[in-house]
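Working notes, structure below.
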Amino acid sequence: MHRKLHALLLASAVFFLASCSKDENTTIISKGPYDNGYFIVNEGNYSVKAGDLSFRSYNADTLTQDNYIDINPSSPLATTTTTLEYGTIYNGKLYLVTNYGGPLVAADEYSLKESARNTSLPANGHAFIGIDNTSGLLSTDDGIYPVTLSSLALGSRISGVSGSVSDLLKSGNYVFALTANDGIVALRTSDYSVAKNLGTAIAGFAQGKDGYVYAAQKNALLKIDPSTLKVDTISTSFNVRYNEFVFTSSSIVASTQENAIYILSDDQKVYRYVSGNNSSLGTAFISLPADHYFYGKGINYDPAKNTLVLTANTSVWGSDPDNTLYTYSAADASLKNTLNYTGFLYPAMVVFH
């Protein structure tokens, strides 16, 4: 009896220790103060306040403001005459682009500590993408420039692409560029030579779970095969939203959990395209309240939560101090959260880890 009891106690102790060890191994350790949440890139209020980053923690229903200048007090992202417009995360770095004379900046994605800066851009910067471990591309209002990631130094402008270029996307052997002069241009990643012009478009890009690259014309969704560069056109009954006056990142995103693309129409509606089902574009997936309007990119997909984060303002021009972040399920359009906040911030886009 004592031997059986001893064996039972020993087995219980081993199970307890194993359970503790398992719990310890699954403990989540924060990677930095900006780990558990997302950034909002704010343009700033012209002549009044420079653009900076808001941060929303998943654990809080509030936003913290001016996070970049708090960490880098001598290195502002913008001035009161430049516009912070674009951000993306690549290989652990947050890359930020300020339009109208601003810098290209790199910072740690979890601490925001700045690691590189280029204040001498040859043209107004628009969007940035990473290409490999050492290089990236910057689109501007005067073509595309290669970027050395370590220093953010720019090479010579890529030949074959001229004029204003907005969004960029790399897929396989090609980089897709949305240009004002030539529509969608596919560049070879090997040498940045032009592989093919794919036709006109006003918005792009998002890569779906189905592997296709999506862009849009005013009344059509474009489905691009990134291997063959074949383009299929899917007509829409609505007008695709885009900014015809200044650069803002295009209002199109893709789900990472299902074959779905989300695109904005005009100032208040989200449409959802399910791959292979053209009728899915027949009705709006989400509609904003009557007195709220998209600002900036307007729509952003959070892969950690499978949600759509919509940036809205009570003015169609974004010029009111009343802002709202709407969070909807990307699966069924149910409203998950509404966060109202004030300030003349002009949110350009949201950046997720």
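Among the residues of the range 238-266, what is the count of those that are part of a loop (DSSP other than H, G, I, E, B) and within 20 Å of Gly298 (Cα to Cα)? Step through it out loud before you land on a result.
Narrowing the range 238-266 to residues part of a loop (DSSP other than H, G, I, E, B): 238-239, 241-251, 255-259, 266.
Cutting the leftovers down to within 20 Å of Gly298 (Cα to Cα) gives us 238-239, 241-251, 255-256, 266.
Of the residues in the range 238-266, 16 are part of a loop (DSSP other than H, G, I, E, B) and within 20 Å of Gly298 (Cα to Cα).
Take the residues in the range 235-270 that are buried (at least 22 other Cβ atoms within 10 Å of the Cβ) and either charged (D, E, K, R) or in contact with a helix residue (DSSP H, G or I) (Cβ under 9 Å, 6 or more places away or on another chain) (or both), then tell me which one is farthest from Asn306 (Cα to Cα). Restricting to residues being buried (at least 22 other Cβ atoms within 10 Å of the Cβ) and either charged (D, E, K, R) or in contact with a helix residue (DSSP H, G or I) (Cβ under 9 Å, 6 or more places away or on another chain) (or both), the top hit is Arg241.
Among the residues making up the range 193-209, those that are over 9 Å from Leu178 (Cα atoms), assigned to a loop (DSSP other than H, G, I, E, B) and under 19 Å from the mean Cα position of the chain (by Cα) are Gly208, Lys209.
Beta carbons closer than 9 Å, at least 6 apart along the sequence or on distinct chains, pair a first residue in the range 99-113 that is closer than 21 Å to Tyr38 by Cβ with a second that is of a type in the set (Asp, Glu) and assigned to a strand (DSSP E or B) for Val105/Glu114; Ala106/Glu114; Ala107/Glu114; Asp108/Glu114.
For the range 129-171, what are the residues that are over 20 Å from Asn99 (Cβ atoms), part of a strand (DSSP E or B) and either without any contact (Cβ under 8 Å) to a residue 40 or more places away in the chain or small (Gly, Ala, Ser) (or both)? Listed by number, the residues that qualify are Ser135, Thr148, Ser171. Selection of first residues in the range 267-295 that are assigned to a loop (DSSP other than H, G, I, E, B) and of second residues that are buried (at least 16 other Cβ atoms within 10 Å of the Cβ) and among the basic types (Lys, Arg), restricted to Cβ pairs under 6 Å at least 6 apart or on distinct chains, gives the following pairs, ordered by first then second residue: Ala284/Lys269; Phe285/Arg272. Would you confirm whether or not the range 181-192 contains a residue that is over 20 Å from Phe128 (Cβ atoms), modelled with pLDDT of 95 or more, part of a strand (DSSP E or B) and of a type outside the set (Gly, Ala, Ser)? Among the residues of the range 181-192, not one is over 20 Å from Phe128 (Cβ atoms), modelled with pLDDT of 95 or more, part of a strand (DSSP E or B) and of a type outside the set (Gly, Ala, Ser), which makes the answer no. Of all residues in the range 59-101, those being assigned to a loop (DSSP other than H, G, I, E, B) and either closer than 21 Å to Tyr295 by Cα or over 20 Å from the mean Cα position of the chain (by Cα) (or both) number 19.
For the range 270-298, what are the residues that are charged (D, E, K, R) and farther than 16 Å from Asn313 by Cβ?
Initially, the range 270-298 is screened for residues charged (D, E, K, R), giving 272, 291, 297.
Passing the criteria: only Arg272.
Quick check on this structure: which one of Asp52, Asp70 is closer than 20 Å to Pro321 by Cα, of a type in the set (D, E, K, R) and modelled with pLDDT of 95 or more? Checking each option against the conditions leaves just Asp52.
When the range 30-55 is examined, which residues are found to be of a type outside the set (Ser, Thr, Tyr), more than 13 Å from Leu77 (Cα to Cα), under 21 Å from the mean Cα position of the chain (by Cα) and not in a strand (DSSP E or B)? So that I can check it myself, show each step before the final result.
If we filter the range 30-55 for residues that are of a type outside the set (Ser, Thr, Tyr), which is where we start, we get 31-33, 35-37, 39-45, 48-53, 55.
Applying the additional criterion that residues be more than 13 Å from Leu77 (Cα to Cα) yields 31-33, 35-37, 39-40, 45, 48, 55.
Imposing the further condition that a residue be under 21 Å from the mean Cα position of the chain (by Cα) reduces the set to 31-33, 35-37, 39-40, 55.
Correct list: Lys31, Gly32, Pro33, Asp35, Asn36.
Considering only residues that are of a type in the set (Ser, Thr, Tyr) and assigned to a strand (DSSP E or B), look in the range 306-326 and name the one that is surrounded by the fewest Cβ atoms within 10 Å (Cβ to Cβ). Talk me through it step by step, then tell me what you get.
In the first step, residues of the range 306-326 are kept if they are of a type in the set (Ser, Thr, Tyr); the result is 307, 311, 314-315, 319, 324, 326.
Remaining after also requiring assigned to a strand (DSSP E or B): 307, 311, 324, 326.
Values: Thr307: 19, Thr311: 25, Thr324: 17, Tyr326: 22.
Top of the filtered list is Thr324.
Residue-wise test of (1) touching a helix residue (DSSP H, G or I) at 6+ places or on another chain (Cβ under 9 Å); (2) surrounded by fewer than 20 Cβ atoms within 10 Å (Cβ to Cβ); (3) modelled with pLDDT of 95 or more; (4) closer than 18 Å to Thr119 by Cβ.
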{"residue": "Asn133", "(1), (2), (3), (4)": "no, yes, yes, no"}
{"residue": "Ile144", "(1), (2), (3), (4)": "no, no, yes, no"}
{"residue": "Ser151", "(1), (2), (3), (4)": "no, yes, yes, yes"}
{"residue": "Gly155", "(1), (2), (3), (4)": "no, yes, yes, yes"}
{"residue": "Leu168", "(1), (2), (3), (4)": "no, no, yes, no"}
{"residue": "Asn173", "(1), (2), (3), (4)": "no, yes, yes, no"}
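The condition of being in contact with a Leu (Cβ under 9 Å, 6 or more places away or on another chain), outside any loop (DSSP other than H, G, I, E, B) and surrounded by 23 or more Cβ atoms within 10 Å (Cβ to Cβ) does not hold for Ala116. Taking Thr80, is it in contact (Cβ under 8 Å) with a residue 24 or more places away in the chain and polar (S, T, N, Q)? It is true that Thr80 is in contact (Cβ under 8 Å) with a residue 24 or more places away in the chain and polar (S, T, N, Q).
The values are calculated or read from the model by the stated rules, or taken from the named source; none is laboratory data. All figures in this text were calculated on a predicted structure; none of them were measured in a lab. Heads up, the Cβs are rebuilt from the backbone with ideal geometry, glycines too, and the neighbour counts pull from every protein chain shown.
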